[in-house]
1. Mind listing which trypsin sites (Lys or Arg not before Pro) in the range 96-145 are in a DSSP loop and have 15 or fewer other Cβ atoms within 10 Å?
2. Using the Cα centre of the chain as the reference point, and only Cβ charges (+1 on K/R, -1 on D/E), how large is the resulting charge dipole? Debye, rounded to the nearest 20.
3. Looking at the chain, send over the antiparallel percent of its DSSP beta bridges, to the nearest 5.
4. Rounded to two decimal places and with Rh computed the Kirkwood way over Cα pairs, what is Rg over Rh for the chain?
5. Counting other Cβ atoms within 10 Å of each Cβ, which chymotrypsin sites (Phe, Trp or Tyr not before Pro) in the range 116-202 have at most 13 and sit in a DSSP loop?
6. Rounding to the nearest 20 debye, state how big the charge dipole of the range 2-82 is about its Cα centre with +1 on each Lys and Arg Cβ and -1 on each Asp and Glu Cβ.
7. Restricting the count to DSSP beta bridges whose residues both fall in the range 88-172, what percent are antiparallel, rounded to a multiple of 5?
8. If you keep only loop residues by DSSP, which GluC sites (Glu not before Pro) in the range 76-158 have at most 16 other Cβ atoms within 10 Å of their Cβ?
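Read-outs: derived from the displayed coordinates by stated rules, not from any lab. What you see is a predicted model, and the numbers here were worked out from it, not measured in a lab. We place every Cβ from the backbone using ideal geometry, glycine too, and count neighbours over all the protein chains shown.
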Amino acid sequence: MLTIALPKGRIAEETLDKFEKAFGEKFIFEDRKLILEKSGFRFLNVRNQDVPTYVMHGAADLGVVGLDVLEEKEYDLIKLLNLQLGKCKVAFGLRRGEELDMSKSKITVATKHEKIAKRYFEERAMAVQIIKLYGSIELAPLVGLCDCIVDIVETGTTMKQNGLEVGPTIMESSAHLIANKNSYYAKKDLIFDLRTKLEAVL
Ligand SMILES: Nc1ncnc2c1ncn2[C@@H]1O[C@H](COP(=O)(O)OP(=O)(O)OP(=O)(O)O)[C@@H](O)[C@H]1O
Ligand SMILES: O=P(O)(O)OC[C@H]1O[C@H](OP(=O)(O)OP(=O)(O)O)[C@H](O)[C@@H]1O
């Protein structure tokens with residue numbers, strides 16, 4: 001049995017579609033149920049940010065999560081496979097017509113991705129104040145909460161619709177299959193078989 005933590009929403013659905021293609025069976029969570037057990041798999045329906053936590057503590061052998069979340073958590077986990085889903089980038093968002101002013105003594109950045117943003121400025125030896133937000137990040141510069149944001153960009157529509165421009169990219173992200181280190185060794189055969197079958201349907 002392999003326990004796999006999936007992030008609620010579109011990535012979970014798209015991952016289960018891949019499992020259907022790989023194993024020829026439908027995997028669907030029943031209404032409001034958080035566990036789906038079928039054909040040797042136990043899927044857990046968890047919050048995106050919580051996926052690495054379940055895997056790190058061994059409550060799940062495997063998980064599916066964006067590289068952006070992995071970078072934020074800084075856990076020691078094994079990256080098994082790029083699932084080619086949830087492709088996006090983590091980038092700056094600036095009020096239209098403004099640029100990232102690297103000569104400023106201190107920049108205020110609002111973001112969900114605190115560590116990624118902090119590292120960007122540390123590497124450039126620049127002072128930064130990070131304001132942690134949990135969603136609707138694009139709103140923050142419009143009402144003067146910050147100078148700029150660091151957020152997920154896919155099409156760029158959300159930024160554009162809110163009077164922002166996409167600035168420099170910090171990292172590219174896509175959903176990866178990750179593994180707990182102990183599970184990786186203890187359940188190597190099952191995990192390798194799964195990886196091979198998923199790889200074949202990507
Ligand atoms: N517009 C997008 N296009 C493609 N991928 C995205 C997009 N937005 C987010 N993602 C990817 O999907 C993951 C999940 O996004 P989602 O917005 O559901 O996360 P979240 O709001 O941080 O989750 P939670 O708050 O439930 O923990 C992100 O970490 C990122 O890797
Ligand atoms: O470049 P785009 O194609 O417009 O996509 C980017 C948007 O998608 C995500 O938002 P989500 O819908 O997950 O909402 P939230 O993060 O504000 O909760 C992300 O945080 C951006 O706001």
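1. On the way: sites: R96, K104, K106, K112, K115, K118, R119, R124, K132; in loops: R96, K104, K106, K112, R124.
Passing sites in the range 96-145 are R96, K104, K106, R124.
2. Values: 30 positive and 30 negative charges, 50 e Å.
Its charge dipole is roughly 240 debye.
3. 65
4. On the way: Rg = 18.9 Å, Rh = 18.2 Å.
Radius of gyration relative to Kirkwood radius: 1.04.
5. Y134
6. 240
7. Rounded to the nearest five, the antiparallel share is 60 percent.
8. Of the GluC sites (Glu not before Pro), the ones in loops of the range 76-158 whose Cβ has at most 16 other Cβ atoms within 10 Å are E98, E99, E154.
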